[in-house]
Amino acid sequence: MFTTLIRNGRVIDPSQEIDRIADLWIEGDRIGGIGEFGSRSADHTIDATGLIVAPGLIDMHVHLREPGREEDETIATGTAAALAGGLTSVACMPNTEPAIDTQADAEFVVLQAHRARNANVFPVGAITKGRQGQELAEIGGLVAGGAVAFSDDGSPVMSAELMRRALEYTKMFGKAVLSHCEDLDLTRGGVMHEGVESMRLGLRGMPAAAEEIHVFRDIALARLTGGRLHILHVSTAGSVELIRWGKRQGVRVTGEACPHHFTLTDECLRSFDSNYKMAPPLRTRADVEAILEGLADNTLEVIATDHAPHAAEKKDRELDLAPNGIIGLETLLPICVHALIEPGILTWPRLLAKLTINPARVLKIDRGTLRTGAVADVTVIDPHTEYVIDPTRFRSKSRNCPFAGWRVRGRAHTVLVSGQVRYSVTESAFARSSAR
Ligand SMILES: [Zn+2]
Ligand SMILES: [Zn+2]
C-alpha cells in the first residue's frame with residue numbers, strides 16, 4: 001500500500017481537539033495515525049515544519065455552474081480552484097440550468113466530479129421543482145442520487161407552507177434544509193443594502209428586514225417540525241441575534257458566514273464596482289461586528305464562500321444590470337487569516353472547526369477529521385508567507401473578486417484527497433511567478 005508521511009507539522013484536528021506538533025501517517029486512502037513516526041520510511045514524505053496540518057477543508061456553499069453556464073465555471077475548473085484554495089470537499093448548489101432537482105441531475109454532478117479528479121463534490125438538491133417555489137422536488141430520488149442537503153439557493157422559498165413541508169420531508173431522510181433568507185417582495189429591484197449609503201448613492205436598497213423576516217420564519221418552522229435548518233450567508237446583526245435565540249430555544253438551527261460579509265461594508269459600493277454586488281448585500285460596520293461576534297461565540301459555526309462565478313462580460317456592467325455574486329474559493333483562507341486570526345477573534349483550531357468538522361456535521365458527510373481510519377483528505381497550510389492576491393492567477397474561470405491587491409498571509413501548501421497529492425504550492429502559479 002502507498003504510504004505518505006507528513007512530518008513535524010502543527011497538527012490541528014478540531015474533531016479530536018488535537019493541536020500539537022506531530023507527524024501524520026497515511027496508508028493508501030486512509031489516515032493511519034497521528035504520532036511520532038520519524039523512524040518510519042514512507043513512499044512519499046512531506047516536510048511540514050512551520051506549517052499547519054489540518055483535515056481537508058470543506059466549503060459547503062459553492063456554485064459550480066455546470067450544467068448550463070459553463071462559460072462562468074465548470075465542475076472541473078471550480079474543483080481545481082477549490083484545491084488551490086485548500087479545499088478537499090465542496091457542496092454545490094442546485095441553481096444550475098437545468099436545476100438539480102432529480103436523481104439523474106445529482107448523479108451527473110457526482111460523475112463529472114469523479115472525472116475531474118480534483119476536490120470531492122457533494123451535490124445539494126433543489127427543494128422545489130425547477131427552483132420555482134411551487135411544488136417539492138423529488139427529495140427521495142435526490143438523496144438516492146447523492147444529494148447531501150436541500151436548498152433553492154439563489155432564491156428563497158417564499159411559501160411558508162412549502163418550507164414547512166420541506167423541513168418535514170427532509171427530516172425523514174436526516175438531511176438539512178439550507179435556507180437563502182430573502183423576502184423578495186422587499187428586495188425587488190435592490191442592488192445594495194438599504195441605509196444611509198444607498199440613500200447617498202441614490203441606489204435602490206434591500207433592507208435588513210428582508211433577510212431577518214425569513215430567518216425568523218424558518219426558525220419558527222424548524223421548531224414546529226423538528227427539521228434541521230441551516231441559514232446560509234448570514235449578513236445582518238438581527239439574523240445573528242435570531243439564530244442565537246433559536247439555539248437557546250433548542251431549535252436545530254446552524255448559521256453560516258461568508259468572508260465578504262465579515263470584511264466589507266456597503267461603503268464599498270461608492271466605487272460602483274459590481275464586484276461588491278451580491279445577495280444578501282454588503283451591510284454596515286455594525287453588521288460586520290455582529291457577524292464577528294457570532295463567529296466568536298459559535299452562533300455561526302460554519303464559514304463558507306458562496307463562490308459565485310460570473311464571466312467578465314456579464315459582471316463588467318453597471319450595477320443595475322450586473323448579476324449578484326463574487327468568487328471566493330481561492331481567497332477563503334487568507335481572508336479568514338486577515339479578518340479572524342490576525343485580530344485574535346478566532347484561534348486556528350476554532351477557525352478550522354468552522355471549515356472542517358462543523359460543515360461535515362451539517363451535511364452529515366464522513367469528512368473533516370483526521371481520525372485513524374478516516375478518508376485521508378488533508379490540507380497542509382502555510383500560515384506565514386506574505387503575498388498579494390492576484391485574480392489573474394486563479395484557477396477559477398471567473399475573475400469577479402473584490403479582494404484583488406490585498407496583501408495577505410495564509411495559503412494552501414499541499415492538498416491531499418483520498419491520500420493523493422492533488423495540489424502543491426511548489427507546482428502552482430505562486431511558484432511560477434516567483435521564478436519569473
Ligand atoms: Zn443565496
Ligand atoms: Zn449561494
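The values are calculated or read from the model by the stated rules, or taken from the named source; none is laboratory data. The model shown is predicted, which means the values in this text are computed figures rather than measured ones. Positions of Cβ are backbone-derived with ideal geometry, glycine not excepted, and every protein chain shown enters the neighbour counts. Keep in mind that these areas ignore ligands, DNA and RNA; they rest on the heavy atoms of the full protein, side chains included. Shrake-Rupley method; radii C 1.70, N 1.55, O 1.52, S 1.80 Å.
Here the spin labels are modelled as points 7 Å beyond Cα on the Cα-Cβ line, and at ASN324 and GLU289 they lie 2.7 nm apart. Residues whose amide H falls under 5 Å from that of TRP406, counting only those 5 or more places apart or on a different chain, are ILE389, with hydrogens built in the peptide plane.
In degrees, nearest 10, range 0 to 90: what is the angle between the Cα axis of helix 208-225 and the longest Cα principal axis of the chain? Roughly 80 degrees, rounded to the nearest 10.
Any of LYS129/LYS277; LYS277/LYS314; LYS277/LYS315; LYS175/LYS364 with alpha carbons more than 18 Å apart? Name them for me. Too far apart for the 18 Å limit: LYS129/LYS277. Label zone of MET172 (point 7 Å out along Cα→Cβ, amide N under 15 Å): in the stretch 129-151 this covers 136-144. Sequence-ordered 3J(HN,Hα) estimates for the stretch 386-398 from the Karplus curve with 6.51, -1.76 and 1.60 and θ = phi - 60° stand at 8, 7, 10, 5, 10, x, 5, 8, 5, 8, 4, 6, 10 Hz, glycine and proline given as x. The residues of the stretch 37-150 expose, per residue, 33 Å² of accessible area to a 1.4 Å probe. Ranking PRO359, LEU186, GLY405 by how far each Cα lies toward the positive end of the dipole of the chain (charges on Cβ) leaves PRO359 at the top. Couplings for the stretch 180-194, taken from phi via the Karplus curve 6.51 cos²θ - 1.76 cosθ + 1.60 with θ = phi - 60°, read 8, 8, 7, 7, 4, 5, 9, 10, 3, x, x, 10, 7, 4, 7 Hz in order; Gly and Pro are left as x. If R0 is taken as 22 Å, the Cβ-Cβ distance between ASP185 and GLU241 corresponds to a FRET efficiency of 0.45. Considering only alpha-carbon pairs that sit under 8 angstrom and 6 or more positions apart, the relative contact order computed for the stretch 1-117 is 22 percent. Of the GluC sites (Glu not before Pro) found in the stretch 13-49, those that fall in a DSSP loop while having at most 14 other beta-carbon atoms within 10 Å are GLU17, GLU36. Residues whose amide H lies under 5 Å from that of PHE122, counting only those 5 or more places away or on a different chain, are VAL90, ALA91, CYS92; hydrogens are built 1.01 Å from N in the peptide plane. Treating the stretch 361-407 as a set of equal point scatterers at the Cα positions, no solvent, please give the Debye-formula log₁₀ I(q)/I(0) at q = 0.20 Å⁻¹. Once normalised to I(0) and log-transformed, intensities are -0.84. Considering only ARG411, ARG367, ARG115, give the residue with the highest GNM mean-square fluctuation for the chain, with springs between Cα atoms whenever their separation is below 10 Å. Per the Cα network of the chain with a 10 Å cutoff, ARG115 tops the list. Within the listed set ILE127, ILE58, ILE335, the residue fluctuating most in the Gaussian network model of the chain (springs between alpha-carbon atoms under 10 angstrom) is ILE335.
The dipole here belongs to the stretch 1-100: it is taken about the Cα centre, uses +1 on the Cβ of Lys and Arg and -1 on the Cβ of Asp and Glu, and is about 320 debye.
When +1 charges are put on Lys and Arg Cβ atoms and -1 charges on Asp and Glu Cβ atoms, the dipole computed for the stretch 297-434 relative to its Cα centre reaches about 320 debye.
Each Lys and Arg Cβ is given +1 and each Asp and Glu Cβ -1; about its Cα centre, the chain then shows a dipole of about 520 debye.
Using a cutoff of 8 angstrom between alpha carbon atoms and counting only pairs six or more residues apart, the relative contact order for the chain works out to 19 percent. If you filter the stretch 191-246 for trypsin sites (Lys or Arg not before Pro), then keep DSSP loop positions with at most 15 other Cβ within 10 Å, what is left? Answer in residue order: ARG204.
For a paramagnetic label modelled on HIS384 (point 7 Å from Cα along Cα→Cβ), amide N atoms under 15 Å away belong, within the stretch 38-56, to 47-53. Surface composition of the stretch 61-145: carbon plus sulfur atoms contribute 48% of the solvent-accessible area (1.4 Å probe, protein chains only, all chains present). Amide hydrogen proximity for GLY50: with H placed 1.01 Å from N in the peptide plane, the residues at 5 or more positions away or on another chain lying under 5 Å are ARG10. Based on the Stokes-Einstein relation at 20 °C and a viscosity of 1.002 mPa s, and on the Kirkwood radius from alpha carbon pairs, the chain is assigned a translational diffusion coefficient of 99 µm²/s. Over the stretch 273-425, Cα pairs under 8 Å with separation of 6+ residues give a relative contact order of 24 percent.
Note on the stretch 282-305 and the stretch 229-275: Cα centroid distance 6 Å, given to the nearest whole angstrom. What the phi angles of the stretch 78-84 give under the Karplus curve with 6.51, -1.76 and 1.60, with θ = phi - 60°, is a coupling list of x, 6, 5, 4, 4, 4, 4 Hz, glycine and proline written as x. Annotation for the stretch 108-172: GluC sites (Glu not before Pro) lying in DSSP loop with at most 13 further Cβ atoms inside 10 Å of their Cβ are GLU135.
What shape does the stretch 77-210 take by its C-alpha gyration tensor, where a ≥ b ≥ c are the square roots of the eigenvalues and a/c under 1.5 counts as rounded, a/b above b/c as prolate, and the rest as oblate? Judged from the Cα gyration tensor, the stretch 77-210 comes out oblate (a/c at least 1.5, b/c at or above a/b).
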